[in-house]
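Working notes, beginning with the structure itself.
The values are calculated or read from the model by the stated rules, or taken from the named source; none is laboratory data. As the structure is a prediction and not an experimental result, all values here were calculated from the model. Because the Cβ atoms are built from the backbone with ideal geometry, glycine has one as well, and the counts that use them run over all protein chains shown. To get the accessible areas, we keep the full protein, side chains included, count just its heavy atoms, and leave off ligands, DNA and RNA. Shrake-Rupley method; radii C 1.70, N 1.55, O 1.52, S 1.80 Å.
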Amino acid sequence: IAKEVAKLLDLKAQLGGDESKHKFVLKTPKGTRDYSPKQMAIRERVFDTIIACFKRHGAEVIDTPVFELKETLTGKYGEDSKLIYDLKDQGGELLSLRYDLTVPFARYLAMNKITNIKRYHIAKVYRRDNPAMTRGRYREFYQCDFDIAGQFDPMIPDAECLKIVHEILSDLQLGDFLVKVNDRRILDGMFAVCGVPDSKFRTICSSVDKLDKMPWEEVRSEMVGEKGLSPEAADHIGEYVQLHGGLDLVEQLLQDPKLSQNKLAKEGLGDLKLLFEYLTLFGIAGEISFDLSLARGLDYYTGVIFEAVLLQPENNHVEEPVGVGSVAGGGRYDGLVGMFDPKGRKVPCVGVSIGIERIFSILEQRVEASQEKIRTTETQVLVASAQKKLLEERLKLVSELWDAGIKAEVLYKKNPKLLNQLQYCEDTGIPLVAIVGEQELKDGVVKLRDVATREEVNIRRESLVEEIRMRTSQP
């Protein structure tokens, strides 16, 4: 023992003794945050809404490790690859924290030779970003993904993904929103007819993707100045990327003399036409806009891409509603699973990711502004006593309630004052109090008090569970 103690003392000395205590800063790492019970209550409400929607559409749930082999993630994200968190070599494997849930999903499909699945996955992902936490950008954050993998007739799964986005944003009551849709093939076709060299497609694509944050002039100068595109090609792109509309725009571009000659663009436009027909059947075409500036920076998209933005309500000074930033996005990625498969077998996939952090920031601000009281526990009843020396009876009763599946609490004090017990219910939002007293014990009843109305009734002990269930059941 003496040896071990000496070792530990030695270790303590190396780590720096008590003198370093005052230098220690208590904070969470940059780009991360803690969640208080109140924040978690709001968060759980959001997750419940989203999961209910995913389940309504028949999805199964999976999970994957929080870190992957570094080579699994390499070369899948284009310019964003520099944001991947690499871990120190541990036992001969080079690992990285997962950057999203899509690449691990593709790895899972290839590894298990799955060619057909509809799944959702909600988990934390990691990005070595310069965090702007005020705008809901973090280094550690949740993603909520829904994906459909398998060979199906065109645009039916894609339309369902858009329907899911529409349902979730409507259910969460976030206000007006717009879902922008485009297709990678239309973009690539457009770049080709505008004279962008093949080697510059992806890098020009990531410039176009900035159009929701920067004016066209700045994007144009980035393309020409930084990325070496000819000014003519850039101007030509400008004519297209500023167009947005619905089915009418799809029809118009199918007649476009240049675009309609390009095989890729023609395919993409044909599929979008079909997509809009299905969206009309789902009754949501009104909130969907075909937007040629939508590019989505990730390299793995191959077909339809989409992004949902919340619209700030129109005010007197602004003609058009303004987007508050993306709250969901996704698209079709038919080549990703094939990148992992030793034989290159492809599994077509389409998916959507819900931007939970941004949604959560908005709802949190809304709760703060409205000063709505949020309950952080689900306790249905507090077991209380009006006289002294009834701790045993309170414990017996609370145990009966727990065993019957009732959410119940008791104060950890031998002889608490009745007023304090009632105050505790007021503070935490517990709706009912079950009061035991000597007379009630003799009569085989429990006094049940409604905290809000202050009404009290005597209930037979054997009927208590049923009564509490009835009074606290959700309408």
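Quick one: which residue in Ile122, Ile114 is open to solvent by 10 Å² or more (accessible area, probe 1.4 Å), in contact (Cβ under 8 Å) with a residue 40 or more places away in the chain and in a strand (DSSP E or B)?
From the options Ile122, Ile114, the qualifying one is Ile122.
Among Arg202, Arg184, which is open to solvent by 40 Å² or more (accessible area, probe 1.4 Å) and within 28 Å of Ala328 (Cβ to Cβ)?
Arg202
Looking only at segment 382-393, how many residues end up being open to solvent by 30 Å² or more (accessible area, probe 1.4 Å) and either within 18 Å of Asp450 (Cβ to Cβ) or in the same structural domain as Thr49 (by the TED database) (or both)?
Going through segment 382-393 one residue at a time, the tally reaches 1.
Looking at Val224, Val219 in this structure, which one is surrounded by 14 or more Cβ atoms within 10 Å (Cβ to Cβ) and in contact with a Pro (Cβ under 6 Å, 6 or more places away or on another chain)?
Checking each option against the conditions leaves just Val224.
One residue is enough: does segment 372-381 have a residue meeting the conditions buried (at least 18 other Cβ atoms within 10 Å of the Cβ), part of a strand (DSSP E or B) and not aromatic (Phe, Trp, Tyr)?
yes
Test Gly92 against the criterion of being of a type in the set (Gly, Ala, Ser) and free of Cβ contacts under 8 Å to residues at least 24 places away in the same chain, and give yes or no.
yes
Could you list all residues from segment 25-35 that are of a type outside the set (Val, Ile, Thr), surrounded by 11 or more Cβ atoms within 10 Å (Cβ to Cβ) and over 24 Å from Asp171 (Cα atoms)?
Passing the criteria: Lys30, Gly31, Arg33.
Of everything in segment 339-370 that's of a type in the set (S, T, N, Q) and under 20 Å from Tyr35 (Cβ atoms), which residue is nearest to the chain's Cα centre (by Cα)?
This residue is Ser361.
Can you say whether Val103 is hydrophobic (A, V, I, L, M, F, W, C), under 23 Å from Val347 (Cβ atoms) and either open to solvent by less than 70 Å² (accessible area, probe 1.4 Å) or not assigned by the TED database to the domain that holds Cys161 (or both), as far as the supplied structure shows?
yes
How about segment 398-421: which of its residues are open to solvent by less than 50 Å² (accessible area, probe 1.4 Å) and under 18 Å from Arg471 (Cα atoms)?
Within segment 398-421, Val398, Leu401, Ala404, Ile406, Ala408, Glu409 qualify.
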